[in-house]
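One structure below.
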Amino acid sequence: MAGLRKDCTEGGTGSKLLEVNRQARRLPRAEREPPFPVTDARLLAIFWELHAARSHNGFSYNPFSYAELDAYQRLAGVTLTPWDVKMLKRIDTIYLMALQKAEKLKAKTHG
């Protein structure tokens, strides 16, 4: 447990999962999903694999499509539950929103 606590406080995978949890709790109740379990690094690893192959439209990254998630399952031999898909889409949305905010902040400070 001490290793997980350290990981959650020192910028590791655990701290990233906690931030996803915080962001998800800020959504309107109707859009909330079950809390993302801090111990389930499997989905975060899948997210980073998908992100590494993510398409770009020249201005920003494109969100994961359901077709891409389906292809990933078939090609990687992974089975995603409907909850897994919802959480991957939610993580993706939060990640893209954070990137957009960071770009706006960067433009303001350098601009």
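Some notes on this structure:
- Within the stretch 54-91, the set of residues being of a type outside the set (A, V, I, L, M, F, W, C), touching a helix residue (DSSP H, G or I) at 6+ places or on another chain (Cβ under 7 Å) and under 19 Å from residue 41 (Cβ atoms) comprises 72, 79, 84, 90.
- Restricting 52, 67, 41 to residues that are out of contact with any Cys (no Cβ under 8 Å at 6 or more places or on another chain) and touching a residue at least 24 places away in the same chain (Cβ under 8 Å) narrows the list to 41.
Where a number appears in this text, it was derived from the coordinates with a stated rule and is not lab data. These figures come from a predicted structure and were not determined experimentally. Neighbour counts run over all protein chains shown; Cβ positions are idealised from the backbone, glycine included.
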